[in-house]
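None of the figures in this text is laboratory data; all of them are computed from the coordinates on show. Treat the numbers as computed from the prediction; the structure is a model and nothing was measured. Backbone-built Cβ (ideal geometry, glycine too); neighbour counts: all protein chains shown.
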Amino acid sequence: MPERILIGVDLDNTLACYDEVFRRIALQEGLIGEKTPSSKERIRDSIRLLPNGERLWTRLQAIVYGPSMNQATLFEGASDFLKSCAKNQVRTVIVSHKTRTARLDDKEVNLREAALDWLKQSGFFSELGIQNNDVFFESTRVEKITRIRDLECTHFIDDLTDVFAEESFPKEIQKFLFSPHAPHGSSSTLENVHPCRSWAELHSLFFP
């Protein structure tokens with residue numbers, strides 16, 4: 001690794017795993033069948049095929065990322081990665097594209113407060129070496145990328161190719177695509193993006 005390293009990490013579907021939460025609530029709402037796999041992508045694709053599917057999917061996200069976020073789990077291996085960062089004095093920041101409230105949420109739950117509560121209850125601030133002031137929420141993707149650039153991240157880990165595909169994303173930052181549901185042997189279609197299927201794989205790259 002270079003002398004100076006600052007790792008930026010996305011939150012939703014990168015650190016926080018919602019697969020089971022999406023499936024449980026989608027079943028309760030009658031949006032999917034019992035045979036639908038516990039994969040956010042598969043659930044999303046199924047719901048979008050329904051009449052008014054995009055609206056139904058947006059509403060489901062409002063429930064999952066708001067009042068049900070406390071049911072999310074930390075991806076396996078993520079805690080070991082963050083502990084290794086702390087042990088090796090590698091600063092890690094969380095940069096998330098997250099508005100204050102969600103569209104189609106009648107209760108107007110504060111998504112950022114829900115995320116901070118989840119981070120706290122998951123031990124990020126007490127056990128995993130993350131400081132409160134190293135968590136950043138941005139209202140748009142462009143603002144998220146601006147924050148990543150202003151923080152001078154040397155590496156960034158995200159589950160969305162759209163973030164890395166943005167023309168404004170700094171080319172000098174090393175990009176890691178977290179894709180746990182990707183087929184074995186699959187590669188990214190974007191140049192200079194390293195796909196990783198697990199946090200254990202990421203750990204081996206950063207701390208061989």
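Looking only at residues of the stretch 13-32 that are among the small types (Gly, Ala, Ser) and within 19 Å of His181 (Cβ to Cβ), we find that the one that is surrounded by the most Cβ atoms within 10 Å (Cβ to Cβ) is Ala26.
Going through (1) out of contact with any Cys (no Cβ under 8 Å at 6 or more places or on another chain); (2) surrounded by fewer than 19 Cβ atoms within 10 Å (Cβ to Cβ) one by one, Leu205 falls short only on (1). Candidates are the residues of the stretch 41-78 that are assigned to a loop (DSSP other than H, G, I, E, B) and in contact with a helix residue (DSSP H, G or I) (Cβ under 9 Å, 6 or more places away or on another chain); the one that is surrounded by the most Cβ atoms within 10 Å (Cβ to Cβ) is Ala72. Among residues that are without any contact (Cβ under 8 Å) to a residue 12 or more places away in the chain and either over 25 Å from Glu143 (Cα atoms) or in contact with a strand residue (DSSP E or B) (Cβ under 8 Å, 6 or more places away or on another chain) (or both), Lys83 is not included. Screening Ser46 against (1) farther than 19 Å from Ala102 by Cα; (2) out of contact with any Gly (no Cβ under 9 Å at 6 or more places or on another chain) leaves a single unmet condition, (2).
Checked against (1) without any contact (Cβ under 8 Å) to a residue 40 or more places away in the chain; (2) more than 25 Å from Ala86 (Cα to Cα); (3) part of a loop (DSSP other than H, G, I, E, B), Val142 meets all criteria but (3).
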